[in-house]
1. Once phi is turned into ³J(HN,Hα) by the Karplus curve 6.51 cos²θ - 1.76 cosθ + 1.60 with θ = phi - 60°, what whole-Hz value does each residue of region 175-182 show in order, with x for glycine and proline?
2. Calculate the tail of P(r) for region 124-238: the fraction of all Cα-Cα distances greater than 19 Å, expressed in %.
3. Which far-off residues, 5 or more places away or on another chain, put their amide H under 5 Å from the one on LEU132, with H placed in the peptide plane?
4. When only C-alpha pairs under 8 Å and at least 6 residues apart count, what is the relative contact order of the chain, in percent?
5. State which entries of LYS26/LYS319; LYS134/LYS300; LYS185/LYS319; LYS32/LYS319; LYS32/LYS185; LYS185/LYS288 exceed 31 angstrom in Cα-Cα distance in the structure shown.
6. Taking region 87-147, which trypsin sites (Lys or Arg not before Pro) meet the DSSP loop condition and have no more than 13 other C-beta atoms within 10 Å?
7. Work out the charge dipole of region 1-129 with +1 on the Cβ of Lys and Arg and -1 on the Cβ of Asp and Glu about the Cα centre, then indicate which of TYR102, SER60, ALA125 is farthest towards its positive end.
8. Considering amide H positions built from the backbone, and no H for Pro or chain starts, which residues 5 or more places from VAL67, or on another chain, come under 5 Å of its amide H?
Amino acid sequence: MHCHVAGIGAGGSGAFISDELRDSWKFGIYLKAFGVTEEELLQHGDALVVQRISEQLEQSQQVGRAVLLALDGVIDANGDLDRERTETYIPNEFLAAEVARYSNLYFGASVNPYRHDALARLEQAKADGAVLIKWLPAIQHIDPADPRLTPFYDKLVELDLPLLTHAGDEHSFTMADNSLGDPQKLHLALQRGVTVIVAHAATSGTTVGEDNMERLLPMFAQYPNLYTDISSLTQVNKLRFLPRLLAAGVDPQHLLYGTDFPLITTGLTSPVFSSLRLHPGCTLELIKAENPWDQDVQTKLAHGVDPAIFANAHTLLIK
């Protein structure tokens, strides 16, 4: 679960990135992480990214399938896409069509609730096979606590679509409103009965002086419909959070495996960074893993993640 996709609009995908992101040092790193070059995308289209993910996943011995995530943009006062304020956009229509070509991929849709036709888009996403809805509030300018979102939340419940939403700070883009990443803003969605999956266990940033993960953890006792994924928790800057999460008493059935692909291909999750926490022989074996998906699973197992957790996402999402 939790695998991102890139696109520059090549091949008529409808995707785009802002000039600021294209000019950023991050652009080249992201393309390399996805295993493509800009020239290849211009020649073969953005669909090449999906193909490369499927091929790499096919070679994994640990991970059989993955949910690829679309990403809606910022919405203006009229309820339409605001291209000027949108940093990256991966349309549902493009991703749904491409994912359908591969037996090892699932479609994760993205709908900004401020769109004037947001509810209709949710229905279309469900019809197209979406297994969840993805939000990045700090990037999409979504306030999860906004009472105007109540009809959207009710539609998610009606359609049985879980909401995978980023919480904590966001640093992968050139600009973000991280005040929108406070996990306490998710009470409304949870109270309406939405199945909420908090990405990364909110493991970055603080709100009113408190770690965002610490603001999240008490909520598990309140809401049986609250889950979190463990994607990115073996990144060099997040290693300290994984043992805290595992020791926090959260029901293991509410912990879901995720990768945050393509970050698992960038070196940020290299087992080298875990060497102080693991036996040297174990670290060496992890380094030898050639497939990044396999290395990610094996590294998390080495850190004490219960093997049963790796099946939870399939149980929750695939019905």
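1. 8, 7, 9, 6, 5, 7, x, 5
2. Numbers: 2854 of 6555 pairs.
Roughly 44 percent, rounded to a whole number.
3. Here ALA109 satisfy the definition.
4. Numbers: 600 pairs, mean separation 48.7, N = 319.
For the chain, the relative contact order is 15 percent.
5. Working: LYS26/LYS319 37 Å; LYS134/LYS300 23 Å; LYS185/LYS319 28 Å; LYS32/LYS319 34 Å; LYS32/LYS185 35 Å; LYS185/LYS288 41 Å.
Distance filter (> 31 Å) returns LYS26/LYS319; LYS32/LYS319; LYS32/LYS185; LYS185/LYS288.
6. On the way: sites: ARG101, ARG115, ARG121, LYS126, LYS134; in loops: ARG101, ARG115.
Here the trypsin sites (Lys or Arg not before Pro) that fit, given the DSSP loop and packing criteria, are ARG101.
7. Towards the positive end, the residue furthest out is SER60.
8. HIS2, CYS3, TYR106
Values quoted throughout were computed directly from the atomic coordinates according to the rules given, and no laboratory measurement underlies them. All values reported here derive from a predicted model rather than from experimental measurement. FYI the Cβ positions are ideal-geometry reconstructions off the backbone, even for glycines, and counts take in every protein chain you see.
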